[in-house]
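S.K.: The structure is given below, and queries will be raised subsequently.
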Amino acid sequence: MNLAKNYLSKYGILIALLVICIILSIATPYFFTAQNLIIVLRQVSINGILAIGVTFVIIAGGIDLSLGSVVALTGVIAASFAHPGMYPVIVPVMLALLSGALIGAINGLTITLGKVAPFIVTLGMMTIARGLALVLSNGRPVTNLSPSFNFIGGGDVLYIPVPILLFVLVILISSVILKYTRIGRYIYAVGGNENAAKASGIRVGRVKLFAYIMCSGLAALAGIVLASRITTGQPNAGIAYELDAIAAVVIGGTSLLGGRGSIAGTVIGVLIIGVINNGLDLLNVSSYYQQIIKGIIIVGAVLLDRKNAR
């Protein structure tokens, strides 16, 4: 009995993904095709990059509600410097990534030095970043982007979409950081018991700062991919993206209390949300019902998290 319980606790989320895929494969013949699976992976890549970023923050015991606005702001910044013949593509990409890292640093420093709750700080940053995106773009989409920039979100390498390759690269790098580096171990320690981490000599402020920089930096990467994919820098892009990202993290088994979670679990959570969205679209289910179903799944995942935490 205990063996079965431990097995389900460890692999339950993966089994759930497989069951959902099997059900959708039976329900519609269009689901389990190579073309549709590529579409699913392309669609989830942006949310996946965001979710991996916020995984660092949640494991460290924090939260970040500014992700969607950071996506919009960095997308506008990148697009503003990505016009044909203006600069090499590396310039808009680096400017956007540095902007995202700066926002993360501001969040992290305000939380650690100012002793302000992460919910309040990132909620404020959500409004600030959205306002900056509207100011920089004059409230209009930034268009006329170079082909080299548009390749990031719309191109293929060996028939594999670039967003998928970027998503995989982020998965690999983030997994190495959390599993095999000192800062990764410190992130788990701080999220598990901040006071104990301080007592053991861990510089908690620096660890949290790193987590928030990673989170906003990856949000900037997602903003670049999105702007490239839709070929415009949209100041109104990314609305509610943070909710899907946090939902994927929670569904993937990362505890909202901090100290527990994994990149692999987050990836599975992202795939579950993406597969469900894709399957419901193929079945012509109304988007209104899709929101209800997604909400039920999120609440169920949180209840399961609370049960496991006891």
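S.K.: Restricting segment 42-69 to residues that are assigned to a helix (DSSP H, G or I) and touching an Asp or Glu at 6+ places or on another chain (Cβ under 6 Å), which is nearest to Tyr159 (Cα to Cα)?
M.R.: If we take residues in segment 42-69 being assigned to a helix (DSSP H, G or I) and touching an Asp or Glu at 6+ places or on another chain (Cβ under 6 Å), then Asn47 is nearest to Tyr159 (Cα to Cα).
S.K.: Scan segment 90-133 for residues that are among the charged types (D, E, K, R) and not in a loop (DSSP other than H, G, I, E, B) and jot them down.
M.R.: Arg130
S.K.: Please go through segment 31-82 and give me each residue that is of a type in the set (A, V, I, L, M, F, W, C), more than 25 Å from Val302 (Cα to Cα) and touching a Ser or Thr at 6+ places or on another chain (Cβ under 6 Å), ordered by number.
M.R.: Phe31, Phe32, Val70, Val76, Ile77, Ala82
S.K.: Right, next: May I ask you to list pairs of residues, at least six apart or on different chains, whose Cβ atoms are under 7 Å apart, with the first in segment 80-109 being over 14 Å from Asn144 (Cβ atoms) and the second being aromatic (Phe, Trp, Tyr)?
M.R.: That search, which allows pairs on different chains as well, returns Val89/Phe149; Val91/Phe81; Leu95/Phe81; Gly104/Tyr212; Asn107/Tyr212; Gly108/Tyr212.
S.K.: Of the residues Ala222, Ala247, Ala237, which is under 17 Å from Ser45 (Cα atoms) and assigned to a loop (DSSP other than H, G, I, E, B)?
M.R.: Ala237
S.K.: Also, I was wondering about something else. Would you check which residues across segment 140-164 are touching a helix residue (DSSP H, G or I) at 6+ places or on another chain (Cβ under 9 Å) and assigned to a helix (DSSP H, G or I) and list them?
M.R.: Once the filter is applied, which keeps residues that are touching a helix residue (DSSP H, G or I) at 6+ places or on another chain (Cβ under 9 Å) and assigned to a helix (DSSP H, G or I), segment 140-164 yields Phe149, Asn150, Phe151, Ile152, Gly153, Gly154, Val162, Pro163, Ile164.
S.K.: Determine the pairs where a residue that is farther than 30 Å from Ile111 by Cβ, located within segment 33-61, has a partner that is among the polar types (S, T, N, Q) with Cβ atoms under 8 Å apart, the partner being 6 or more residues away or on another chain.
M.R.: Asn36/Asn278; Ile39/Asn278; Val40/Asn278; Gln43/Asn277; Gln43/Asn278
S.K.: For residues that are surrounded by 24 or more Cβ atoms within 10 Å (Cβ to Cβ) and within 25 Å of Leu243 (Cα to Cα), tally how many sit in segment 69-97. Can you show your working first?
M.R.: Within segment 69-97, the first condition is being surrounded by 24 or more Cβ atoms within 10 Å (Cβ to Cβ), and the residues that meet it are 69-79, 82, 92, 96.
Pick out the ones that are also within 25 Å of Leu243 (Cα to Cα) and you get 69-79, 96.
Final tally of qualifying residues: 12.
S.K.: Also, quick follow-up: If you check Leu166, Leu136, Leu132, Leu123, which single one turns out to be within 27 Å of Val89 (Cα to Cα) and free of Cβ contacts under 8 Å to residues at least 60 places away in the same chain?
M.R.: Details: Leu166 fails: free of Cβ contacts under 8 Å to residues at least 60 places away in the same chain; Leu136 fails: free of Cβ contacts under 8 Å to residues at least 60 places away in the same chain; Leu123 fails: within 27 Å of Val89 (Cα to Cα).
Being within 27 Å of Val89 (Cα to Cα) and free of Cβ contacts under 8 Å to residues at least 60 places away in the same chain holds for just one of Leu166, Leu136, Leu132, Leu123, which is Leu132.
S.K.: With respect to Gly184, determine if the residue is more than 18 Å from Gly223 (Cα to Cα), assigned to a helix (DSSP H, G or I) and in contact with a Leu (Cβ under 7 Å, 6 or more places away or on another chain).
M.R.: yes
S.K.: Does segment 250-261 include one or more residues that are closer than 15 Å to Gly48 by Cα, crowded, with 24+ Cβ neighbours inside 10 Å, of a type in the set (Val, Ile, Thr) and in contact with a Ser or Thr (Cβ under 8 Å, 6 or more places away or on another chain)?
M.R.: Yes, some residue in segment 250-261 is closer than 15 Å to Gly48 by Cα, crowded, with 24+ Cβ neighbours inside 10 Å, of a type in the set (Val, Ile, Thr) and in contact with a Ser or Thr (Cβ under 8 Å, 6 or more places away or on another chain).
S.K.: Being in a helix (DSSP H, G or I) and within 30 Å of Thr143 (Cβ to Cβ) is true for just one of Ala82, Ala72. Which residue is that?
M.R.: Ala72
S.K.: As an exercise: evaluate Ala197 against (1) more than 21 Å from the chain's Cα centre (by Cα); (2) surrounded by fewer than 19 Cβ atoms within 10 Å (Cβ to Cβ) and give the number of the one condition it does not meet.
M.R.: Failing condition for Ala197: (2).
S.K.: Next up: Give the residue, chosen from Ile187, Ile173, Ile213, that is farther than 20 Å from Ser99 by Cα, touching a residue at least 24 places away in the same chain (Cβ under 8 Å) and either loosely packed, with under 15 Cβ neighbours inside 10 Å or under 19 Å from the mean Cα position of the chain (by Cα) (or both).
M.R.: Ile187
S.K.: Tell me whether segment 229-237 contains one or more residues that are more than 20 Å from the chain's Cα centre (by Cα) and in contact (Cβ under 8 Å) with a residue 12 or more places away in the chain.
M.R.: yes
Since every read-out is calculated from the coordinates, none of them should be taken as a lab result. These figures come from a predicted structure and were not determined experimentally. Note: ideal-geometry Cβ built from the backbone for every residue, glycine included; neighbour counts use all protein chains shown.
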